[in-house]
Number of protein chains: 2
Amino acid sequence: MAVTLADVAARAGVSSATVSRVLNGNYPVAGSTRERVQRAVEELDYVVNGQARALAAATSDLVGVLVNDVADPFFGLIASALQSEIGAGGSGPAGGKLAVVCNTGGSPEAELTYLTLLERQRAAGVVLTGGAVEDEAHTAAVTARLARLAASGTAVVLCGRPPLTFPDESPGVTTVAFDNRGGARRLTEHLLSLGHRKIGCVTGPLERSTTRHRLEGHRAALAAYGLGPRTAAGADGTAGGDASRLTVHGGYDRASGYDAALELLRREPDVTAIVAANDTVALGVCAALRDRGLNIPGDISVAGFDDLPFSVDASPALTTVRIPLQEAGARAGRLVMGRQSSPPGGVATIATELMVRASTAPPKTRS
Amino acid sequence: MAVTLADVAARAGVSSATVSRVLNGNYPVAGSTRERVQRAVEELDYVVNGQARALAAATSDLVGVLVNDVADPFFGLIASALQSEIGAGGSGPAGGKLAVVCNTGGSPEAELTYLTLLERQRAAGVVLTGGAVEDEAHTAAVTARLARLAASGTAVVLCGRPPLTFPDESPGVTTVAFDNRGGARRLTEHLLSLGHRKIGCVTGPLERSTTRHRLEGHRAALAAYGLGPRTAAGADGTAGGDASRLTVHGGYDRASGYDAALELLRREPDVTAIVAANDTVALGVCAALRDRGLNIPGDISVAGFDDLPFSVDASPALTTVRIPLQEAGARAGRLVMGRQSSPPGGVATIATELMVRASTAPPKTRS
DNA sequence: CTGTTAGCGCGTTCAC
DNA sequence: GTGAACGCGCTAACAG
């Protein structure tokens, strides 16, 4: 059915090896022969069989990119930048890879399933993006899988998730981490410096590393202002202190933000500011507050995280913490392609930046 | 380096053929033998080589998904639904495929390049999403490529782009089209029925099919109200009539909407409503109007298209035209997997729905 | 410079 | 039920 190398060879009156050499260009071939071969390729509309090539040469054109949610611009931006980085570079050995975007939906099982599928395909590289699920068994499973992949020559890059510790010496897994903790801390400090003292916190899923880091930053800022958990029980975040009473866990979607805001108002009507898990959640929070007839930031301040493109368009424009997602994605792409050397220690931390906009203001003074 | 079938066979004390049979389960194997093999697989952490399997069995686990912009939720939503549809179904012959999301950036060259790459990989299926570039040469090139892919057994599905006409009899390319024209028409009719007569139109890139269809719907509504182009020259949309003076072409991004809105106000300060190319553009339009001190919808109404998740959160909530993107993506996924039969004529048109929200209202009466 | 010869790892006949 | 042998389409050593 399909045209093969042998067909082209026959048409051009040469051996299949010669055709292969012309195609790959890594070997001297006479000009006239080359032209004849190229003409035959054109005439027959020949397209190399990537699988056969991969099998024979033990290489792959595939780079797997695991994301928690393709529909979320957070991942879209990373994937987009990453993909244009690895897809460029023409057809050379270090370019023209195909990005296989795998949507895990945040499910640990899906994550492992995809890693298996990618291992099957002998992928040239694998990039894991976004917060990790912090379950001990799962982390161990992922670590083992990645170690094996790395050992078999697959480039492994973590982007937006904390570095993993491997039992053996570093198997060459590099990490592009986000400074979630620092960003969250600066954000809460901003609110504190405006005069807020009752600051609600709507976080993401409990088990995600991103959630934990942002929450830690938030609490560190509070602690620095002497607003730590008031009771011992509060230290674990389950009961007791202000910090836990003012914290609501939810998902990374808008609906979670909406519900969480209502819950916060119920728990503590005097809350004067709310920091959200991310910008999407912040929009949900804003919607809930508006529905309650509250003015932002007049009655209550709201802040997001990530600085997704739509944040500047919200009204009021959202105060948030900017993560340079495209830069991070591009860097991850370069790392997985081996076009950039691994940072010292294998971990590059991407700085975050506080973006103060219109959704935060000093708290209303009691009348 | 990597463990192969033969290794497993040796460990289990059987032939590699038997291991293959156990793995694929399509053949009778004695229970005891099967267990022994499975144990060997576990112990050796064996993972099949997808490329070798693909080469031998002439099948592929890859489904290509071409999108214009991964970072745009429009495509993210389609890709997400599509991917969960093809990735599910376990490891059977009709399941467990990997979605290769290819970001063309709207570039015709990139589109063709990716089609070549996918053809190389002998992809099981290819889905082209989003508006097509309406250039004659490019359309011909894509048509030829798709015909060849389809002929060689690759399932080809068009999602959100108009059906293609093939020279030969239908090569089994199915299309999931959006009723952009009808949606745009109903949207403009909504504005007309509110009393608007000077309706600005911010469209997408001129050469995109989506742009043309939405513009056609818009103009059809105007024409039905006797508001067609006033001069003959206006008929081609380049000069003369109101329709063209009130139309500004741009991109599908927020900045385009911002600029276009300012341009519209300059051309026609009396404009009372603006329909945008999509929701993202509409947000840009809103931002520009706000910066000009105009109230929405008090001074001017704004409408979007697509009904992306954030539209309901904009303030005011955006009147828009809903396209059930996830359903469309899921359907495209089922079609490309052969899990759903092709609609009659090979074309399924997805209905769109007008969502009237707070950003549109009757025009201000002159005082 | 070019042709010949081996595999790459697996699925699949065909015999046993 | 199982093993041996062949071939998928291509690249990479060898020769020449």
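Could you compute the FRET efficiency for A:Arg290 and B:Leu206, with r as their C-beta to C-beta distance and R0 at 45 Å, rounded to 0.05?
0.75
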Exercise. Taking only DSSP H segments of four or more residues, each worth -39500 (n - 2.57), what value at 222 nm results for chain B once the sum is divided by all its residues, to the nearest 500 deg cm²/dmol?
Worked result: -13500 deg cm²/dmol
Problem set entry | Extension reserve of the B:Ser15-B:Glu35 stretch, reckoned as 0.36 nm per residue once the Cα distance is removed | 5.8 nm
Seminar exercise, completed: Taking only the alpha carbons of segment A:5-55, the radius of gyration and the largest Cα-Cα distance, Dmax, both in angstrom, are 10.2, 30
For this session: Compute the separation of the alpha-carbon centres of segment B:1-24 and segment B:246-283 and state it in Å as a whole number.
Result: 64 Å
Exercise. When chain B is treated as a GNM, springs tying every alpha-carbon pair under 10 Å, which of B:Thr165, B:Thr116, B:Thr33 comes out with the largest mean-square fluctuation?
Worked result: B:Thr33
For this session: Could you tell me whether chain B comes out rounded, prolate or oblate from its Cα gyration tensor? Rule is a ≥ b ≥ c as square roots of the eigenvalues, rounded for a/c under 1.5, then prolate if a/b exceeds b/c, otherwise oblate.
Result: prolate
Exercise. Based on the Cα atoms of the protein assembly as shown, what semi-axes does the equivalent ellipsoid have, where each is the square root of 5 times one gyration tensor eigenvalue, given in whole Å with the largest first?
Worked result: 46, 38, 21
Problem set entry | Per-copy distances of the B:Asn295 label point, shortest first, in nm (7 angstrom along Cα→Cβ) | 1.4
Problem set entry | Residue with peak Gaussian network fluctuation, chain A [Cα springs, cutoff 10 Å], from A:Arg339, A:Arg120, A:Arg212 | A:Arg120
For this session: Take every DSSP beta bridge with both residues inside chain A and express the antiparallel ones as a percent of the total, to the nearest 5.
Result: 10 percent
Seminar exercise, completed: FRET efficiency (A:Val347, A:Tyr225; Cβ distance; R0 41 Å; to 0.05) is 0.85
For this session: Can you give me the span-like helices of chain A, meaning DSSP H runs with 15 Å or more of Cα extent along the axis and Kyte-Doolittle mean at or above -1.0?
Result: A:73-87, A:108-120, A:136-151, A:180-194, A:209-224, A:254-267, A:279-291, A:325-336
Exercise. Quick one: if you stick a label point 7 Å off each Cα along the C-beta vector at A:Ala255 and A:Thr143, how many nm between them?
Worked result: 3.6 nm
For this session: Would you give the gap between the C-alpha center of segment A:316-367 and the C-alpha center of segment A:36-58, rounded to a whole Å?
Result: 44 Å
Seminar exercise, completed: For segment B:180-322 the translational diffusion coefficient, Stokes-Einstein from a Kirkwood Rh over Cα pairs at 25 °C and viscosity 0.890 mPa s, in µm²/s, is roughly 169 µm²/s
Exercise. Anyone know which of B:Pro316, B:Pro163, B:Pro269 comes out most mobile in the 10 Å Cα GNM of chain B?
Worked result: B:Pro269
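All of the numbers you see were taken from the coordinates with simple rules; none came from a lab. All values reported here derive from a predicted model rather than from experimental measurement. With ideal geometry, Cβ positions are generated from the backbone for all residues, glycine too; neighbour counts draw on all protein chains shown.
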